[in-house]
Amino acid sequence: MVEPKSGACGDGDPCRPCLLMIPGSFCDERLFAAQVRALNRKARLISADFSRLRDREAWLARLLQRLPERFSVVGFSLGGLIALELLRRAPERVERLAMIASNAEAATRRTDLRTRAQWRLWRQHGPLAALQPVWPNYFGRARRLTRERALVRRMAQATPAKSARAQLTWAAERPQGRSTLASFQAPLLIVSGRRDRLCPRSAQQHMLRAQPHARWHELRHCGHLIPLEAPRRLGRLLACWLAEPSDVSPRSSS
């Protein structure tokens with residue numbers, strides 16, 4: 001785990017909830033840099049570290065062991081799938097859940113074929129080649145792609161090959177998560193991009209049907225990489241979500 005610089009309250013202080021931030025495939029804590037700046041004084045922030053991800057079970061066990069008894073979690077893309085797995089394993093410990101450009105769908109044959117193809121590209125030509133099939137979905141606006149391309153490449157190049165393979169395998173083998181969401185009664189935030197074809201509107205609607213008390217925000221001009229394409233907007237949404245009482249379900253909205 002990577003812990004960004006602490007804010008005003010000391011560790012364990014009840015005035016600052018613990019917030020676990022889980023990035024997506026081939027990403028690291030740099031993905032959430034803008035949100036860390038926005039939330040640093042509102043929560044004790046912890047970034048999940050994929051660099052040592054090899055065995056899924058061991059990695060999850062270490063993560064849960066190091067987290068405090070109660071925590072909130074925000075998961076981006078693959079991070080949302082991992083957040084759902086944490087919720088399956090320790091539902092009593094999760095205070096709030098935010099799913100960013102993610103979904104609760106089970107893996108399909110198509111998912112398996114796509115991730116296998118990505119791993120072949122990675123193995124044969126490196127991480128930048130593995131990004132090529134998904135570049136068109138990453139950003140809804142060309143100027144953001146131009147601005148953030150270098151960071152996305154650096155994060156991919158910093159991803160160890162064994163970790164990349166484990167991440168792709170996780171995505172290809174994930175179980176259905178809608179039943180897990182259906183039993184979650186604490187604050188649930190869903191944020192998606194209207195131009196995101198990796199996690200499209202239909203997947204967001206499936207999550208909302210599973211848990212109607214969720215708050216869903218669809219960002220009109222965004223693609224998949226919402227933390228980079230709409231950094232301030234996402235920071236504000238997460239701040240409001242963190243301010244909600246964790247023992248009271250929010251009203252339904254879309």
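Restricting the first member to the stretch 178-196 and to residues that are at pLDDT 95 or above, and the second to residues that are among the acidic types (Asp, Glu) and assigned to a loop (DSSP other than H, G, I, E, B), the beta-carbon pairs closer than 7 Å and six or more apart or on different chains are Pro187/Glu244. Taking the stretch 166-207 as the range and being closer than 22 Å to Arg144 by Cβ and in a loop (DSSP other than H, G, I, E, B) as the test, the residues that pass are Arg194, Arg195, Asp196, Arg197, Leu198, Cys199, Pro200.
Going by the structure shown, is Ser51 in contact (Cβ under 8 Å) with a residue 60 or more places away in the chain, of a type in the set (Ser, Thr, Tyr), crowded, with 19+ Cβ neighbours inside 10 Å and part of a loop (DSSP other than H, G, I, E, B)? So Ser51 does not fit the description; no.
Does Gln204 satisfy the condition of being buried (at least 19 other Cβ atoms within 10 Å of the Cβ), among the polar types (S, T, N, Q), within 26 Å of Trp135 (Cβ to Cβ) and modelled with pLDDT of 95 or more? First the steps, then the outcome.
On the way: buried (at least 19 other Cβ atoms within 10 Å of the Cβ): yes; among the polar types (S, T, N, Q): yes; within 26 Å of Trp135 (Cβ to Cβ): yes; modelled with pLDDT of 95 or more: yes.
Yes.
Out of Val94, Val73, which single residue is over 19 Å from Ala172 (Cβ atoms), crowded, with 18+ Cβ neighbours inside 10 Å, modelled with pLDDT of 95 or more and under 12 Å from the mean Cα position of the chain (by Cα)? Sole residue among the options that is over 19 Å from Ala172 (Cβ atoms), crowded, with 18+ Cβ neighbours inside 10 Å, modelled with pLDDT of 95 or more and under 12 Å from the mean Cα position of the chain (by Cα): Val73.
On the basis of being in contact (Cβ under 8 Å) with a residue 40 or more places away in the chain and out of contact with any Cys (no Cβ under 9 Å at 6 or more places or on another chain), does Ile82 make the cut?
Yes, satisfied.
For the structure I just gave you, tell me whether Arg147 is among the charged types (D, E, K, R) and either under 18 Å from Arg96 (Cβ atoms) or at pLDDT below 95 (or both). In short, yes.
The values are calculated or read from the model by the stated rules, or taken from the named source; none is laboratory data. As the structure is a computational prediction, the values presented were derived from the model and not from experiment. For neighbour counting, all protein chains shown are included, and Cβ atoms are generated from backbone atoms with ideal geometry for every residue, glycine included.
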